[in-house]
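A.B. asks: My questions all concern the structure below.
The values are calculated or read from the model by the stated rules, or taken from the named source; none is laboratory data. Since we're looking at a predicted model, the values are computed, not measured. Neighbour counts are summed over all protein chains in view; Cβ atoms, including those assigned to glycine, are modelled from backbone coordinates with ideal geometry. Surface accessibility is based on the protein's heavy atoms, side chains included, excluding ligands, DNA and RNA. Shrake-Rupley method; radii C 1.70, N 1.55, O 1.52, S 1.80 Å.
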Amino acid sequence: MPLPVDVLAGLRADAEAQLPSLVELRRALHRTPEIGLDLPATQRLVLDALAPLGLEVRTGTGLSSVVAVLRGGRPGSAVLLRGDMDALPVTEDSGEPFASERAGVMHACGHDLHVAGLVGAARLLASRRDELAGDVVLMFQPGEEGDHGARLMIDEGVLDAAGSRVVAAYGLHVLSSVLPAGLVASRYGTALAAADTVHVTIQGRGGHGSMPHLAADPVPVAAEIVLALQAMVTRQFDVFDPVVVTVGRIAAGTTDNVIPSTAVLEATVRTFSETAHGLVPERLTRVVEGIAAAHGLTATVDYRRGYPVTSNTPAEVDRAAGVVRGLFGEQAYLTMPQPLSGAEDFSYVLQQVPGAYLALGATPVGEDPATAAYNHSAHARFAEESLAVGPAVLAALVLDRLTEGG
C-alpha cells in the first residue's frame, strides 16, 4: 500500500527545511576530501552530525566506516541505507567558492552529497522513529573508488548490525550531468556494469632497431593484441549482452632504435551480466597468449576481478518509482533505458539482500545535462538542491518497506 499523502508531504516539507544545514555539511566535506579506506576527518564530521539523533553508533576496525542503527518505536525488520564517503585523486578546477583545500584531492564524484544526504535521511527518520515498525542501518562507507569498502563493511557485519539480517538495502548516486537536477532514475536488473582490470606482459627479446630479425619484437605483437581484443568482443559475445574492453595503457621501449624485451598492456573490462563476466577471463587470456605464441613470444595475463554487476531487485525498483512519484510527481522518475557502464561496490550489498540503486540528477541549474562536466571531472559541479530530494526518497523507501513487514 502506498504511503499516505500526508506522510509524503511531511517528508517533502521537512527535507526542504533541512536543506541549508545539509548544504553546510556538504561544503565542509567538500573542502576536506579524503581518499581510500582511511578517512578520519570525514568520519569525524559524520559522527558529529549523527550525535544528536540518539543512534547506536560504531566505527569500523579495518576502515574508517560508520555504522549507525536507528531503532524504531515498534518491532519489525531492518532496512539498510548506504552513503559512500571517499573522494578521488583529482585536482579541483570547478570554480566553487568551497573548493577542496587539499591539493590533488577532490569530491569529483559527489560522495560529499551522498554523506550529507544520508545524514538528512537519518534526521527525517529519527524524527519519525515512533512510526517505524523496525530498524534502520545507516552505512557510511569509505573506499568505494576501487578499494572494495562495501565488501569490507559486509565482512565486519554491517548487514547484521541491527541484530538480524537487513531485508532490503537502498542507495543512490548523484550525477553532475546526464539527468536534470532532482530527476530520479533506475531500472530492473543490471543498473551498472562489472569492472575488471587486465595487466598483460609480452615477453620478447631485445635488439637493435635496424635488425629486427635478430630480436623478438613485442611491440607489433602488443598492437595486434589490442586489435584482436576488439574483434573478440564483437565475435565472441552477444551484441545484446555487451562487453567493453578498453586498453588504456601501452608501454614499451626507451628510444626509437632499440627493440625492447617486453611490452605491457593495461585494460579495463566492463560486462553487464554474470554470464559475460564469467566468460571474459578465459577468452581474453586465450586470445592474448595465442597471438603471442603465433609470433614465437610469450604473454602473461594478470586478470583482476573488480566490482561485480550492480543488479536491482525489480520489486524494489517498483517501490522506488512509486515513492519518487508520490513525493515529487509523475515526471520525477525515469526508467533508465540501459545500464550505466560505470561500476559500483554497492553491488556487493545487492548480491546479499534485495534492494535498489538509484541515480539522482544533480546537474547545476542553468547547465545542459548533455554537456555539463561528468562525474570524476576536475570541473564537475553538483546541484545542491538535490539534497532536498535524496533524503526524502531514502526516508520514504524505509517507511514504505518497513510498513510491509517481513
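A.B. asks: Which of (1) open to solvent by 20 Å² or more (accessible area, probe 1.4 Å); (2) in a loop (DSSP other than H, G, I, E, B); (3) under 27 Å from His148 (Cα atoms) does Glu96 not meet, given it meets every other one?
C.D. replies: That leaves (3) as the condition not met.
A.B. asks: Answer with yes or no whether Leu88 is surrounded by 17 or more Cβ atoms within 10 Å (Cβ to Cβ), closer than 15 Å to Thr42 by Cα and out of contact with any helix residue (DSSP H, G or I) (no Cβ under 6 Å at 6 or more places or on another chain).
C.D. replies: Yes, satisfied.
A.B. asks: Going by the structure shown, is Ala299 of a type in the set (A, V, I, L, M), more than 30 Å from Leu397 (Cβ to Cβ), in contact with a strand residue (DSSP E or B) (Cβ under 9 Å, 6 or more places away or on another chain) and not in a loop (DSSP other than H, G, I, E, B)?
C.D. replies: Spelling it out, Ala299 is indeed of a type in the set (A, V, I, L, M), more than 30 Å from Leu397 (Cβ to Cβ), in contact with a strand residue (DSSP E or B) (Cβ under 9 Å, 6 or more places away or on another chain) and not in a loop (DSSP other than H, G, I, E, B).
A.B. asks: Still on this model: So, in region 328-361, how many residues would count as being crowded, with 22+ Cβ neighbours inside 10 Å and in a helix (DSSP H, G or I)?
C.D. replies: 3
A.B. asks: Right, another one. In this structure, is Ala392 over 26 Å from Ala169 (Cα atoms) and open to solvent by less than 70 Å² (accessible area, probe 1.4 Å)?
C.D. replies: On the way: over 26 Å from Ala169 (Cα atoms): no; open to solvent by less than 70 Å² (accessible area, probe 1.4 Å): yes.
Judged against the criteria, Ala392 is not a match.
A.B. asks: Taking Ala315 and the conditions (1) of a type in the set (A, V, I, L, M, F, W, C); (2) in a helix (DSSP H, G or I); (3) within 21 Å of Ala388 (Cα to Cα); (4) open to solvent by 60 Å² or more (accessible area, probe 1.4 Å), which numbered condition does it fall short on, given that it satisfies the others?
C.D. replies: (3)
A.B. asks: Please go through region 279-305 and give me each residue that is open to solvent by 20 Å² or more (accessible area, probe 1.4 Å), touching a residue at least 40 places away in the same chain (Cβ under 8 Å) and either hydroxyl-bearing (Ser, Thr, Tyr) or touching a Gly at 6+ places or on another chain (Cβ under 8 Å) (or both), ordered by number.
C.D. replies: Quick first cut of region 279-305, residues open to solvent by 20 Å² or more (accessible area, probe 1.4 Å) only: 279, 281-283, 285-287, 289-291, 293-296, 298, 300-305.
In the following step, the residues that additionally are touching a residue at least 40 places away in the same chain (Cβ under 8 Å) were identified as 279, 281, 283, 287, 291, 295-296, 298, 300-305.
Scanning region 279-305 gives Thr298, Thr300, Tyr303.
A.B. asks: Output the residues belonging to region 362-389 that are crowded, with 21+ Cβ neighbours inside 10 Å and among the small types (Gly, Ala, Ser).
C.D. replies: Ala362, Ala372, Ala380, Ala383, Ser386, Ala388
A.B. asks: In region 17-72, which residues are crowded, with 20+ Cβ neighbours inside 10 Å and charged (D, E, K, R)?
C.D. replies: Arg26, Glu34
A.B. asks: So, one more: Could you list, in sequence order, all residues of region 103-129 that are within 14 Å of Arg71 (Cα to Cα), open to solvent by 20 Å² or more (accessible area, probe 1.4 Å) and in contact with a strand residue (DSSP E or B) (Cβ under 8 Å, 6 or more places away or on another chain)?
C.D. replies: Passing the criteria: only Arg129.
A.B. asks: Also, quick follow-up: Can you tell me which residue is most open to solvent (accessible area, probe 1.4 Å) among those in region 214-270 that are more than 17 Å from Val301 (Cα to Cα) and among the polar types (S, T, N, Q)?
C.D. replies: Ranking the candidates gives Thr254 first.
A.B. asks: From Ala193, Ala133, Ala169, Ala181, which residue is crowded, with 24+ Cβ neighbours inside 10 Å, in contact with a helix residue (DSSP H, G or I) (Cβ under 6 Å, 6 or more places away or on another chain), of a type in the set (A, V, I, L, M, F, W, C) and in contact (Cβ under 8 Å) with a residue 60 or more places away in the chain?
C.D. replies: None of the others qualify; the one that does is Ala169.
A.B. asks: Output the number of the condition that Asp160 fails; it satisfies all remaining conditions of (1) of a type outside the set (Gly, Ala, Ser); (2) open to solvent by less than 40 Å² (accessible area, probe 1.4 Å); (3) closer than 30 Å to Gly76 by Cβ.
C.D. replies: Failed condition: (2).
A.B. asks: Hey, another quick one. Can you name the residue in region 353-406 that is acidic (Asp, Glu) and at pLDDT 95 or above and is also farthest from Ser176 (Cα to Cα) among such residues?
C.D. replies: The residue in question is Asp400.
A.B. asks: Hey, can you tell me all the residues within region 395-406 that are part of a helix (DSSP H, G or I) and either open to solvent by 30 Å² or more (accessible area, probe 1.4 Å) or touching a Cys at 6+ places or on another chain (Cβ under 8 Å) (or both)?
C.D. replies: Passing the criteria: Thr403, Glu404.
A.B. asks: Working only within region 108-121, note down all residues that are farther than 22 Å from Tyr348 by Cβ and in a loop (DSSP other than H, G, I, E, B).
C.D. replies: Ala108, the sole residue that qualifies.
A.B. asks: Could you please find all residues in region 48-68 being over 13 Å from Gln141 (Cα atoms) and among the aliphatic types (A, V, I, L, M)?
C.D. replies: Step one: list which residues in region 48-68 are over 13 Å from Gln141 (Cα atoms), which gives 48-57.
Residues satisfying the conditions are Ala49, Leu50, Ala51, Leu53, Leu55, Val57.
A.B. asks: I'd like the full set of residues that are farther than 27 Å from Gln338 by Cβ and either touching a Phe, Trp or Tyr at 6+ places or on another chain (Cβ under 6 Å) or assigned to a helix (DSSP H, G or I) (or both), limited to region 244-296.
C.D. replies: Within region 244-296, Thr285, Arg286, Val288, Glu289, Gly290, Ile291, Ala292, Ala293, Ala294 meet the criteria.
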